[in-house]
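Only the coordinates and a few stated rules stand behind these numbers; no lab work does. Fair warning: this is a prediction, and the values are worked out from it, not measured in the lab. Quick reminder, even Gly has a Cβ in these numbers, built from the backbone with ideal geometry, and neighbours come from all protein chains shown.
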Amino acid sequence: MSRAATLETARLLLRPFDDDDLDGLAALCADPDVMRYFPETLDRSASEKFAGRIKAHFNLHGFGPWSVEVKRGGRFVGFVGLMVPTFKSHFTPCIEICWRLARVAWGQGYGTEAARAAEDFAFGVLGRDEIVSMTVPANLNSRHVMERLGMTHEPADDFDHPNLPPGHPLCRHLLYRKRIAPTVPMPSEARI
Ligand SMILES: CC(C)(COP(=O)(O)OP(=O)(O)OC[C@H]1O[C@@H](n2cnc3c(N)ncnc32)[C@H](O)[C@@H]1OP(=O)(O)O)[C@@H](O)C(=O)NCCC(=O)NCCS
């Protein structure tokens with residue numbers, strides 16, 4: 001188990017999930033607008049189980065979907081972070097970057113700002129050379145965050161989400177990737 005990190009951006013704090021976030025998380029996951037591209041909204045008990053999975057992810061990996069707090073006002077507005085998917089697909093194992101913000105927090109750049117901090121953590125602290133993200137084709141807001149991060153989509157990577165039954169309207173997913181070049185020393189820095 002590693003110590004969970006806290007990240008900070010100009011306007012946001014990304015911190016490990018706290019039990020005080022549970023009301024905010026439950027409200028977020030019960031909102032049909034927020035959950036439009038998920039199979040269902042979550043009731044309180046399902047959100048409590050979800051919070052348990054978030055905490056378990058932090059305990060196991062030292063990172064996860066961070067609770068996003070707007071520094072001015074100290075408001076919980078959702079989560080943005082990194083997850084290790086537990087399902088198997090052609091691109092797993094991998095690190096997924098993900099986000100879910102309250103409707104009132106959309107349209108202010110918070111999603112992309114928080115996601116940049118999370119991707120810096122994946123590349124700079126975890127030393128990964130690739131992150132992925134996934135969503136259904138219709139989720140344009142989410143795809144735009146991916147594109148603002150410089151993630152790219154190859155149709156050959158599209159996949160059926162294994163956690164959904166074949167034929168489910170949300171089954172087909174697009175995969176976006178961002179790779180960074182491995183650090184290769186410049187000739188002047190290379191040891192001769
Ligand atoms: C995905 C999600 C986080 C994107 O939210 P978003 O508000 O569209 O994206 P951002 O937070 O990056 O904000 C960008 C918008 O804020 C605007 N903006 C306003 N002030 C800004 C500022 N100071 N800095 C940057 N952008 C700003 C941008 O112009 C952009 O608006 P546009 O989309 O009309 O061009 C949000 O829609 C969401 O939580 N959806 C529900 C959950 C979900 O589907 N998650 C993904 C599952 S795969």
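Which one of these is in a loop (DSSP other than H, G, I, E, B) and within 20 Å of V145 (Cβ to Cβ): D31, D120?
Working: D120 fails: in a loop (DSSP other than H, G, I, E, B).
Of D31, D120, the one residue that is in a loop (DSSP other than H, G, I, E, B) and within 20 Å of V145 (Cβ to Cβ) is D31.
Do we have any residue at all in the range 64-74 that's part of a loop (DSSP other than H, G, I, E, B), on the phi < 0 side of the Ramachandran plot, without any contact (Cβ under 8 Å) to a residue 40 or more places away in the chain and away from the ligand (no atom under 12 Å from the Cβ)?
no
Testing K49 on (1) part of a helix (DSSP H, G or I); (2) of a type in the set (D, E, K, R); (3) in contact with a strand residue (DSSP E or B) (Cβ under 9 Å, 6 or more places away or on another chain); (4) free of Cβ contacts under 8 Å to residues at least 60 places away in the same chain, one condition comes back false. Which one is that?
(3)
Which of the following residues is within 23 Å of T135 (Cα to Cα) and either part of a loop (DSSP other than H, G, I, E, B) or of a type in the set (S, T, N, Q) (or both): H57, H90? First the steps, then the outcome.
Values: H57 fails: either part of a loop (DSSP other than H, G, I, E, B) or of a type in the set (S, T, N, Q) (or both).
The conditions single out H90.
Considering only residues of the range 104-145 that are closer than 15 Å to S67 by Cα and within 9 Å of the ligand (Cβ to nearest atom), which is nearest to the chain's Cα centre (by Cα)?
Within the range 104-145, the match that is nearest to the chain's Cα centre (by Cα) is A115.
Only one of L12, L42 is under 29 Å from F159 (Cβ atoms) and either in contact (Cβ under 8 Å) with a residue 24 or more places away in the chain or surrounded by 18 or more Cβ atoms within 10 Å (Cβ to Cβ) (or both); which?
Values: L12 fails: under 29 Å from F159 (Cβ atoms).
Only one candidate passes the filter, namely L42.
Within the range 93-117, which residues are of a type in the set (A, V, I, L, M), buried (at least 16 other Cβ atoms within 10 Å of the Cβ) and part of a helix (DSSP H, G or I)?
Within the range 93-117, A105, A114, A115, A117 meet the criteria.
Could you tell me which of the residues H153, H161 is within 16 Å of H90 (Cα to Cα) and in contact (Cβ under 8 Å) with a residue 60 or more places away in the chain?
Residue meeting the stated conditions: H161.
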